[in-house]
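Q: Pasting in a structure now, in structure tokens, and then I'll have a few things to ask.
The values are calculated or read from the model by the stated rules, or taken from the named source; none is laboratory data. All values reported here derive from a predicted model rather than from experimental measurement. So basically every Cβ, Gly included, is an ideal-geometry build from the backbone, and we count neighbours across all protein chains shown.
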Amino acid sequence: LILLMITVMVGYLMGTLFFNKYNYRFLLENQMIEIIWTIAPAVTLIFIALPSLQLLYLLDEINNPMISMKSIGHQWYWSYEYSDFKKLEFDSYMIPTNEMKIDNFRLLDVDNRTILPYNSQIRMLVTAADVIHSWTIPALSVKIDATPGRLNQISL
């Protein structure tokens with residue numbers, strides 16, 4: 001019923017616009033109107049885009065992180081590096097399915113978990129050594145892609 005009402009309303013409006021006596025049907029072009037109709041939307045879009053781009057880059061900045069941590073994705077495991085204090089490195093492998101307990105999460109639980117400080121600014125640098133990986137903390141709704149040759153960062 002609503003769709004029928006919308007169709008009838010649009011059809012009526014189109015009919016009145018095309019077949020009224022005030023419409024000059026033989027006007028082929030008007031350079032000034034075409035220039036205005038081209039420039040006005042372009043200027044409007046520029047005024048919308050500039051603040052949006054500025055905010056996009058400001059949101060990606062990380063101010064004075066307390067700790068920086070690097071995560072390197074390898075095929076079937078992750079390597080972590082805490083480089084701020086000591087050169088601390090360790091590998092984190094998935095728990096095999098035959099060793100899993102009933103309360104473990106399949107493909108998410110690992111043998112050596114990373115520890116992050118609570119209530120502090122953390123910069124996480126994520127990259128990959130071989131193929132594209134996805135580093136995630138599902139409880140915090142954090143996910144970032146690890147791409148070989150590219151260093152991505154996220155703030156926690």
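Q: Restricting attention to the stretch 99-106, does a residue exist that is under 26 Å from the mean Cα position of the chain (by Cα) and either aromatic (Phe, Trp, Tyr) or at pLDDT 80 or above (or both)?
A: The answer is yes, given that some residue of the stretch 99-106 is under 26 Å from the mean Cα position of the chain (by Cα) and either aromatic (Phe, Trp, Tyr) or at pLDDT 80 or above (or both).
Q: Looking at the stretch 133-146, which of its residues are surrounded by 11 or more Cβ atoms within 10 Å (Cβ to Cβ) and not hydrophobic (A, V, I, L, M, F, W, C)?
A: His133, Ser134, Thr136, Lys143, Asp145
Q: Select, from Ser134, Ser79, Ser71, Ser83, the only residue that is of a type in the set (Gly, Ala, Ser), closer than 20 Å to Gly149 by Cβ and at pLDDT below 85.
A: Ser83
Q: Right, next: Return only the number of the condition from (1) of a type outside the set (Phe, Trp, Tyr); (2) surrounded by 10 or more Cβ atoms within 10 Å (Cβ to Cβ); (3) more than 26 Å from Ala146 (Cα to Cα); (4) modelled with pLDDT under 80 that Thr16 does not satisfy.
A: (4)
Q: I'd like the full set of residues that are of a type in the set (A, V, I, L, M, F, W, C) and over 21 Å from Leu140 (Cα atoms), limited to the stretch 62-118.
A: If the condition is that a residue be of a type in the set (A, V, I, L, M, F, W, C) and over 21 Å from Leu140 (Cα atoms), then Trp76, Phe85, Leu88, Phe90, Ile95, Met100, Ile102 are the ones that fit.
Q: So which residues in the stretch 137-147 are assigned to a strand (DSSP E or B) and more than 14 Å from Ser79 (Cα to Cα)?
A: Ile137, Val142, Lys143, Ile144, Asp145
Q: Follow-up. Going by the conditions given, is Val126 in contact with a strand residue (DSSP E or B) (Cβ under 6 Å, 6 or more places away or on another chain) and of a type in the set (A, V, I, L, M, F, W, C)?
A: Yes.
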